[in-house]
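Chemist: Let me begin by handing over the structure; questions about it come next.
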Amino acid sequence: MQQLFAPCVLGPFSLRNPVVSLPFYTAYADADGRVTPQLISHYRRIAASGVGLVVAEASAVRDPVPSPYTIHAFDEANLPGLRALAKAIQAEGATAVLQICHTGRYCGTPGGLAPSPVPAFGVPELTPRAMDEADMERVAGAFAESADIVRRAGFNGVELHGGTGYLLASFTSPRTNLRLDECGGTTENRARFITRVCRAVRDKVGDYPVGYRFMAREYIPGGLSLEEGACVAAIIVRELAPAYLSVTAGSHECFAWLAEQKQKAGEGFMLAEAETIRKAVPTVPVIAAGLLQSLEVCANALATGQTDAIGLGRVLFADFDWLNKASGKKTGPARACVQCNTCIRQIRAGRPAFCSRWTKEEKQEYLRDVEPGRVISPPKGDRGKIPQ
């Protein structure tokens with residue numbers, strides 16, 4: 001058990017423990033993508049929970065024009081807010097990393113960028129546009145620009161979002177990458193655009209720590225297999241020399257398959273993916289995910305070498321004191337995430353996230369900092385219909 005609470009080294013980072021707050025999108029930025037008091041308060045509380053590493057939520061690169069309430073990780077004008085966010089996390093003793101993302105075919109509008117024109121969720125109106133050479137060059141440059149902005153803002157590192165079926169992950173999938181050029185076909189070819197982005201980022205920021213959120217498999221017919229995922233992981237390690245690989249599985253379009261896997265395996269249902277990737281790239285530390293919320297499962301995953309670090313997303317959002325309770329610093333049982341999906345429904349309805357498990361006082365605290373005109377009340381309708 002002690003390993004979960006002891007200081008450790010994760011790649012270039014010396015952490016107070018191997019527990020990581022995973023990037024969990026809150027939509028707490030303002031309509032122009034600026035850091036708000038609510039974001040600062042939220043991440044200060046996350047860092048004060050005692051975790052070793054905080055990876056702040058997906059922040060937009062310059063291309064395309066991002067949706068409202070998403071942090072903008074570009075432009076000089078956004079640096080002061082980003083600096084304040086980094087300092088708030090670090091002031092509580094945690095290491096601070098910011099994730100940067102291009103949503104690709106999940107941008108929510110027709111004509112978004114993707115490797116191939118495969119409609120998102122099978123909806124013809126959400127058919128993306130296949131990227132050409134100019135698009136790939138521009139987007140690689142956008143990732144490099146944002147990585148440099150994150151570095152200049154004072155974060156300890158930056159993370160590239162290559163999970164959940166967003167742009168980088170969509171190139172690796174044989175289901176969404178149907179290209180007939182050098183960026184399609186074999187697993188190695190489908191990783192060419194990732195290679196391009198990794199090289200652009202590394203050329204821009206030098207030896208600055210760069211992590212990678214990695215989709216190890218897709219859990220959907222015709223999607224990325226775990227064997228292919230291990231191959232892609234090796235390519236990323238070769239081209240980027242990442243600080244770590246934060247391993248996840250599945251995309252926004254495979255909820256049914258993920259739910260089935262979760263039902264079969266229970267808590268820690270993605271540990272097998274983390275262990276496979278760790279064995280495939282033994283020189284790079286791995287962060288595991290997958291509803292890890294019991295002390296025994298987390299401690300065993302570290303002790304048996306399935307992972308180098310424990311990633312908490314919705315679990316920590318439901319109970320910011322999860323780690324303090326697990327270590328005995330605070331009394332009482334941890335408040336478990338019950339997967340009611342209130343947080344997800346809030347986001348999908350264009351509202352800032354909050355948790356149904358929070359106390360009245362916690363909800364009021366978050367309401368206090370919400371941008372005027374935004375609504376934080378839970379959406380109406382049936383509970384639990386949107387899987388994780």
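Chemist: Kindly check whether there is at least one residue in the range 80-89 that is open to solvent by 50 Å² or more (accessible area, probe 1.4 Å) and either more than 30 Å from Asn324 (Cα to Cα) or in contact with a Ser or Thr (Cβ under 6 Å, 6 or more places away or on another chain) (or both). Explain how you work it out, then say what you get.
Modeler: Within the range 80-89, the first condition is being open to solvent by 50 Å² or more (accessible area, probe 1.4 Å), and the residues that meet it are 80, 83, 87.
With the extra rule that they be either more than 30 Å from Asn324 (Cα to Cα) or in contact with a Ser or Thr (Cβ under 6 Å, 6 or more places away or on another chain) (or both), the set shrinks to 80.
Yes, there is a match, as at least one residue in the range 80-89 is open to solvent by 50 Å² or more (accessible area, probe 1.4 Å) and either more than 30 Å from Asn324 (Cα to Cα) or in contact with a Ser or Thr (Cβ under 6 Å, 6 or more places away or on another chain) (or both).
Chemist: Follow-up. Only one residue in Arg238, Arg217 is assigned to a loop (DSSP other than H, G, I, E, B), under 29 Å from Val150 (Cβ atoms), of a type in the set (Lys, Arg) and without any contact (Cβ under 8 Å) to a residue 60 or more places away in the chain. Which one?
Modeler: Working: Arg238 fails: assigned to a loop (DSSP other than H, G, I, E, B).
Going through Arg238, Arg217 in turn, just one is assigned to a loop (DSSP other than H, G, I, E, B), under 29 Å from Val150 (Cβ atoms), of a type in the set (Lys, Arg) and without any contact (Cβ under 8 Å) to a residue 60 or more places away in the chain: Arg217.
Chemist: To continue, here is another question. Search the range 177-189 for residues that are touching a residue at least 40 places away in the same chain (Cβ under 8 Å) and pair each with any residue that is of a type in the set (Ser, Thr, Tyr) and open to solvent by less than 20 Å² (accessible area, probe 1.4 Å) when their beta-carbon atoms are under 6 Å apart and the residues are at least 6 apart or on different chains.
Modeler: Taking only residues 6 or more apart or on different chains, the pairs are Asn177/Ser116; Leu178/Ser116; Arg179/Ser116.
Chemist: Is it true that Val284 is among the β-branched types (Val, Ile, Thr), farther than 20 Å from Thr164 by Cβ and in a loop (DSSP other than H, G, I, E, B)? Walk me through how you get there before you give the answer.
Modeler: Working: among the β-branched types (Val, Ile, Thr): yes; farther than 20 Å from Thr164 by Cβ: yes; in a loop (DSSP other than H, G, I, E, B): yes.
Yes: the conditions hold for Val284.
Chemist: How many residues are open to solvent by 20 Å² or more (accessible area, probe 1.4 Å) and either free of Cβ contacts under 8 Å to residues at least 24 places away in the same chain or of a type in the set (S, T, N, Q) (or both) if we restrict to the range 138-170?
Modeler: 2
Chemist: Another one. If I filter the range 296-309 down to residues being open to solvent by 40 Å² or more (accessible area, probe 1.4 Å) and not in a loop (DSSP other than H, G, I, E, B), which single residue comes out as nearest to Gln339 (Cα to Cα)? First the steps, then the outcome.
Modeler: Initial filter on the range 296-309 (open to solvent by 40 Å² or more (accessible area, probe 1.4 Å)): 296-297, 300, 303-304, 308.
Remaining after also requiring not in a loop (DSSP other than H, G, I, E, B): 296-297, 300, 303.
Values: Glu296: 20, Val297: 18, Asn300: 23, Ala303: 27 Å.
The residue in question is Val297.
Chemist: Determine, yes or no, whether Arg34 is in a loop (DSSP other than H, G, I, E, B), open to solvent by 20 Å² or more (accessible area, probe 1.4 Å), over 19 Å from Glu365 (Cα atoms) and basic (Lys, Arg). Steps first, please.
Modeler: Values: in a loop (DSSP other than H, G, I, E, B): yes; open to solvent by 20 Å² or more (accessible area, probe 1.4 Å): yes; over 19 Å from Glu365 (Cα atoms): yes; basic (Lys, Arg): yes.
Answer is yes for this residue.
One line per residue, one yes/no per condition, for (1) open to solvent by less than 40 Å² (accessible area, probe 1.4 Å); (2) farther than 23 Å from Gln3 by Cβ; (3) aromatic (Phe, Trp, Tyr):
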{"residue": "Val205", "(1), (2), (3)": "yes, yes, no"}
{"residue": "Ala233", "(1), (2), (3)": "yes, yes, no"}
{"residue": "Glu239", "(1), (2), (3)": "yes, yes, no"}
{"residue": "Gln261", "(1), (2), (3)": "no, yes, no"}
{"residue": "Ile277", "(1), (2), (3)": "yes, no, no"}
{"residue": "Thr283", "(1), (2), (3)": "no, no, no"}
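Chemist: Counting just the residues of the range 170-212 that are hydrophobic (A, V, I, L, M, F, W, C) and more than 19 Å from the chain's Cα centre (by Cα), which one comes out farthest from Val97 (Cα to Cα)?
Modeler: Just the residues of the range 170-212 that are hydrophobic (A, V, I, L, M, F, W, C), to begin with: 171, 178, 180, 183, 191, 193-194, 197-198, 200-201, 205, 210.
Okay, now just the ones that are also more than 19 Å from the chain's Cα centre (by Cα), so 178, 180, 183, 191, 193, 200, 205.
Values: Leu178: 33, Leu180: 36, Cys183: 30, Ala191: 24, Phe193: 23, Ala200: 19, Val205: 14 Å.
My answer is Leu180.
Let's see how each residue does on (1) hydroxyl-bearing (Ser, Thr, Tyr); (2) farther than 13 Å from Ile100 by Cα; (3) at pLDDT 95 or above:
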site: Asp30; (1), (2), (3): no, yes, no
site: Gln38; (1), (2), (3): no, yes, no
site: Tyr43; (1), (2), (3): yes, yes, yes
site: Ala60; (1), (2), (3): no, no, yes
site: Ser67; (1), (2), (3): yes, yes, no
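Chemist: Another question, if that's okay. Search the range 243-271 for residues being out of contact with any Asp or Glu (no Cβ under 9 Å at 6 or more places or on another chain) and at pLDDT 95 or above, and hand back the single one that is nearest to Ala289 (Cα to Cα).
Modeler: Filtering first and then ranking leaves Leu271.
Chemist: When the residues of the range 76-127 are filtered to those that are of a type in the set (S, T, N, Q) and assigned to a helix (DSSP H, G or I), which remaining residue is nearest to Glu253 (Cα to Cα)? Show your work before the answer.
Modeler: Here is the first cut: in the range 76-127, the ones of a type in the set (S, T, N, Q) are 78, 90, 95, 99, 103, 109, 116, 127.
Restricting the remaining residues to those that are assigned to a helix (DSSP H, G or I) gives 78, 90.
Details: Asn78: 32, Gln90: 35 Å.
Here the residue is Asn78.
Chemist: Something else now. Based on this model, can you work out whether Lys279 counts as in a helix (DSSP H, G or I), among the basic types (Lys, Arg), free of Cβ contacts under 8 Å to residues at least 60 places away in the same chain and farther than 22 Å from Pro174 by Cα? Can you show your working first?
Modeler: Details: in a helix (DSSP H, G or I): yes; among the basic types (Lys, Arg): yes; free of Cβ contacts under 8 Å to residues at least 60 places away in the same chain: yes; farther than 22 Å from Pro174 by Cα: yes.
Against the criterion (in a helix (DSSP H, G or I), among the basic types (Lys, Arg), free of Cβ contacts under 8 Å to residues at least 60 places away in the same chain and farther than 22 Å from Pro174 by Cα), Lys279 qualifies.
Chemist: Residue check, Ala134 against (1) farther than 19 Å from Glu253 by Cβ; (2) of a type in the set (Gly, Ala, Ser); (3) without any contact (Cβ under 8 Å) to a residue 40 or more places away in the chain; (4) assigned to a loop (DSSP other than H, G, I, E, B), all met but one. Which one?
Modeler: Checking Ala134 against (1) farther than 19 Å from Glu253 by Cβ; (2) of a type in the set (Gly, Ala, Ser); (3) without any contact (Cβ under 8 Å) to a residue 40 or more places away in the chain; (4) assigned to a loop (DSSP other than H, G, I, E, B), the one that fails is (4).
Chemist: Give me the pairs: first residue in the range 284-309 and more than 11 Å from Ala274 (Cβ to Cβ), second residue among the basic types (Lys, Arg) and modelled with pLDDT of 95 or more, beta-carbon distance under 9 Å, and six or more apart or on different chains, which are they?
Modeler: Within 9 Å, the pairs are Val284/Arg278.
Chemist: Then there is this: Restricting attention to the range 90-111, which residues are of a type in the set (Gly, Ala, Ser), open to solvent by 20 Å² or more (accessible area, probe 1.4 Å) and within 27 Å of Ile194 (Cα to Cα)? Outline the logic, then answer.
Modeler: Within the range 90-111, the subset of a type in the set (Gly, Ala, Ser) is 91, 93-94, 96, 104, 108, 111.
When the remaining residues are screened for being open to solvent by 20 Å² or more (accessible area, probe 1.4 Å), the result is 91, 93, 108, 111.
Across the range 90-111, the qualifying residues are Gly108, Gly111.
The values are calculated or read from the model by the stated rules, or taken from the named source; none is laboratory data. This structure is a prediction, so every number in the text was calculated from the model and none was measured. Glycine also receives a Cβ, built like all others from the backbone with ideal geometry; neighbour counts cover every protein chain displayed. When the accessible area is computed, the model is the full protein with side chains, heavy atoms only, and any ligands, DNA or RNA have been set aside. Shrake-Rupley method; radii C 1.70, N 1.55, O 1.52, S 1.80 Å.
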